[in-house]
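The values are calculated or read from the model by the stated rules, or taken from the named source; none is laboratory data. It should be emphasised that the depicted structure is a prediction, and the values quoted were computed from it without experimental measurement. With ideal geometry, Cβ positions are generated from the backbone for all residues, glycine too; neighbour counts draw on all protein chains shown. These area figures cover heavy atoms from the full protein model, side chains too; ligands, DNA and RNA do not enter into them. Shrake-Rupley method; radii C 1.70, N 1.55, O 1.52, S 1.80 Å.
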Amino acid sequence: MPQAASFRSCLMVLCLPVLLLSHAANAQEQAASPKVSIAAAYSKEIIEEASFIGEGEAIDQVDIVARVSGFVESIQVEDGALVAKDDILFQIEPDSYSATLASRKADLAKAQADLELAGIEYERKKELLARGSAPESERDIARANELGAEATVQAAEAAIRQAELELSYTEIRAPFSGRLGRLSVSEGELVSPSTPSLVTLVREAPIYVRFSLSEKQLANVLEELEISAGELTSGDQSPAVHATLPNGTTLDSVGKVVFVDNRISPTTGTIALLAEFENENKQIIDGAFLQVRIEAPQPTLRLLIPQAALQRDQRGDFVLVVNAQQMVEQRYIETGDQVGPEIIVTEGLQDGESVIVEGLQRVRPGVQVDAILAGQQEG
């Protein structure tokens, strides 16, 4: 029994170095070739786009004010009402203006009678002068009186037009279709041209969305479209504009650029643009902030890689590339916009090159790896 135990002990001592060497070799092999997941850079036609913060801006907005003085006889609308062009909003008491119009019409009738009399007198003086029964001065005076009567008639007619105009102002109508704000006047209240706004009227559809592009963004858009800033609003060259509401809802309707300012703001370094939306459902509100996305009219071929492959240090963005010898290379790249889970690479990579997307923490440049395509399982 002691001899057998001694033999087993010697055998374990002899086998232990072999096992340790085998384990070390396996560990070294695993450390030398860590497993990583890779994805190939590939080219795809995409529609270039850029996002901005925009603000709804009514095409038409007006403060409704009284144009004549008087008591508000009736209010025909309610707070926030939708109105059509020429709808009556307020009725100012018209009685005094109707009476003034009647008086002006009476003045006209008297002036016309005076004119007729002056004409008769002028004809009589002309006849007497022809007979030698009246001096020439009397004919001239009669003619002057006739001309004066004609002027009085013209003044009376003008006074009637003014009275009719003032009477029409007692009906305050909507200058265009839109939505009212809150009324700031009550029935029976005395108003005049100096009274503050009675209500604000805003046109809701169509509507503008104002946003701004930086100098770089503007240069990129113009270079991509091969047009000038003024041509952004013309025809097929105008890029599509999409709007997203604060709750994340993207509108189905597509806007079009209708205005580009003629200068870069020296304080912000941006240029203002206006996009027009039909806004049929009234979802864009004047003064509301929303996200604006502008798209190029034609797709462009771009190189894409997964966002997960991108890393950054003090020098900038880089990826770890696996070459044909399964060696890891560090490659600094220039990137563009993000497209879903992928990002555009503008410089530093070639189509078909493999970048590491999983296992980045286990590798470093110059290390050989065991790479598999992302999404595939080991056999």
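With a/c under 1.5 counting as rounded, go ahead and sort region 52-166 into rounded, prolate or oblate using the C-alpha gyration tensor (a ≥ b ≥ c being the square roots of the eigenvalues; past the cut-off, prolate if a/b is larger than b/c, else oblate).
prolate
Once fully extended, how much extra length lies between residue 189 and residue 282, figured as 0.36 nm per residue of separation less the alpha-carbon to alpha-carbon distance?
30.2 nm
Taking only the alpha carbons of the chain, what extent do you get along each of the three principal axes, in Å, biggest first?
Sorted largest first, the three principal extents are 176, 47, 35 Å.
Compute the Cα gyration tensor for region 109-261, then decide on rounded, prolate or oblate, letting a ≥ b ≥ c be the square roots of its eigenvalues: rounded whenever a/c is under 1.5, prolate when a/b is larger than b/c in the other cases, and oblate in all that remain.
Numbers: a/c = 5.93, a/b = 2.52, b/c = 2.36.
In terms of gyration-tensor shape, prolate.
Could you list which residues have their amide H under 5 Å from that of residue 256, counting only those 5 or more apart in sequence or on another chain, with H placed in the peptide plane?
Close amide H contacts, sequence-distant or interchain: 276.
About the Cα centre, and with charges only on the beta carbon of Lys, Arg (+1) and Asp, Glu (-1), how big is the dipole of the chain? Nearest 20 debye, please.
Once rounded to the nearest 20, the dipole reads 1380 debye.
Taking only protein heavy atoms into account and a 1.4 Å probe, give the accessible area per residue of the chain in Å².
Counting only protein heavy atoms, the per-residue value for the chain is 60 Å².
First check a/c for region 233-287, with a ≥ b ≥ c the square roots of the eigenvalues of its C-alpha gyration tensor; if it is under 1.5, answer rounded, and if not, answer prolate when a/b is larger than b/c or oblate otherwise.
It comes out oblate by the Cα gyration axes.
Step through the table entries 85/282; 85/105; 216/256; 105/125, compare each Cα-Cα distance with 26 Å, and write down the pairs that go over it. Don't skip to the answer; put the middle values down first.
Values: 85/282 18 Å; 85/105 31 Å; 216/256 21 Å; 105/125 30 Å.
In this structure, 85/105; 105/125 lie more than 26 Å apart at Cα.
With θ set to phi - 60° and the Karplus curve 6.51 cos²θ - 1.76 cosθ + 1.60, what are the ³J(HN,Hα) couplings of region 198-206 in order, to the nearest whole Hz, using x for Gly and Pro?
3J(HN,Hα) across region 198-206, in whole Hz: 6, 6, 9, 10, 10, 7, 9, 9, x.
With each label point set 7 Å from Cα along the Cα-Cβ vector, what nm distance links residue 272 and residue 289?
1.8
Taking a probe of 1.4 angstrom, what is the accessible area of residue 95 in Å², to the nearest 10?
In the full protein context, residue 95 sits at about 100 Å².
When the accessible area of region 123-217 is computed with all protein chains present and a 1.4 Å probe, what percentage of it is carbon and sulfur?
Answer for region 123-217: carbon and sulfur cover 48 percent of the accessible area.
How large is ³J(HN,Hα) for each residue in region 338-351, as worked out from phi by the Karplus curve 6.51 cos²θ - 1.76 cosθ + 1.60 (θ = phi - 60°), to whole Hz, x for Gly and Pro?
Working through the residues one at a time gives 7, 10, x, x, 10, 9, 7, 10, 9, 7, x, 10, 10, 4 Hz.
What does the extension gain come out to for residue 96 and residue 40, with contour length at 0.36 nm per residue minus their alpha carbon separation?
The residue 96-residue 40 span can extend by a further 11.6 nm.
Over region 172-269, what lengths in whole Å, largest first, do the semi-axes of the equivalent ellipsoid take, defined as the square roots of 5 times the eigenvalues of the alpha-carbon gyration tensor? The partial results should precede the final answer.
Numbers: eigenvalues 308, 61, 37 Å².
Output for region 172-269: semi-axes of 39, 17, 14 Å.
Using the Karplus curve 6.51 cos²θ - 1.76 cosθ + 1.60 with θ = phi - 60°, what ³J(HN,Hα) values do you get for each residue of region 35-48, in whole Hz, with x for Gly and Pro?
8, 9, 9, 10, 9, 8, 5, 9, 9, 8, 7, 10, 8, 4
Which residues' amide hydrogens lie under 5 Å from the amide hydrogen of residue 171, considering only partners 5 or more residues apart or on another chain, with H built in the peptide plane?
Residues meeting the amide H criterion: 92.
In nanometres, what is the gap between the two model label sites at residue 128 and residue 82, each 7 Å from Cα along Cα-to-Cβ?
7.4
What is the packing order of peptides 60-66, 130-136, taking the mean over residues of other C-beta atoms within 10 Å and listing the highest first?
Ranking the peptides 60-66, 130-136 by packing returns 60-66, 130-136.
Using modelled backbone amide H atoms (1.01 Å from N, in-plane), which distant-in-sequence or interchain residues come within less than 5 Å of residue 176's amide H?
86
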